[in-house]
Amino acid sequence: MHMHITCTGTPEWDSFISEYMQAWKERIINWLIQDHAKVHVVYYEDLLVDKLEEIIKILDFLNVEYLSADDVWTRVSDDFTEFKRSHVKRIGFQYYTLKQTYFIRAVIQDTKELVRREQKSLELDRYMQV
């Protein structure tokens, strides 16, 4: 049985989300553009969509060797269901209104595109230096 509670979306909460997401976006961009650091950004949403692909990207970024994608999947696919309590009631809490959810997703998508463009630019810069 699930109980769902929804946040009403007060102006204060809207303002907090807007300010937080802008700060998050600036932090990601600063890591990549200003610092030119070797950074691999992992998006939680991408992990939900394709955990294996994202973990392989992390391993490749860290130069960690692995035998195959099947080997990686074997190591990360165990979800430990035997340890979960199936009889516990869960209370679902919706932190964001639909409008807030769309805003957050748009900021994340915009940031991902900026990161991709910047990474391609950095790769080109490195190539031109050779």
Self-check item: Test: E19 is surrounded by fewer than 12 Cβ atoms within 10 Å (Cβ to Cβ) and modelled with pLDDT of 90 or more
Solution: yes
Quiz item: Looking only at residues in the stretch 61-76 that are surrounded by 10 or more Cβ atoms within 10 Å (Cβ to Cβ) and part of a loop (DSSP other than H, G, I, E, B), which one is modelled with the lowest pLDDT?
Solution: Y66
Exercise. Please give the number of the condition E65 fails out of (1) touching a residue at least 60 places away in the same chain (Cβ under 8 Å); (2) more than 20 Å from K112 (Cα to Cα).
Key: (1)
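Would you tally the residues in the stretch 35-45 being part of a helix (DSSP H, G or I) and either at pLDDT 85 or above or not charged (D, E, K, R) (or both)?
Going through the stretch 35-45, the residues part of a helix (DSSP H, G or I) turn out to be 44-45.
Among the residues that remain, those that are also either at pLDDT 85 or above or not charged (D, E, K, R) (or both) are: 44.
Of the residues in that region, 1 qualify.
Suppose we filter the stretch 1-16 for residues that are at pLDDT below 65 and in a loop (DSSP other than H, G, I, E, B); how many remain? First the steps, then the outcome.
Looking only at the stretch 1-16, we keep the residues that are at pLDDT below 65, and these are 1-8.
Narrowing the set further to residues that are in a loop (DSSP other than H, G, I, E, B) leaves 1, 7-8.
Total meeting the criteria: 3.
The values are calculated or read from the model by the stated rules, or taken from the named source; none is laboratory data. Source: prediction; values computed, not measured. We place every Cβ from the backbone using ideal geometry, glycine too, and count neighbours over all the protein chains shown.
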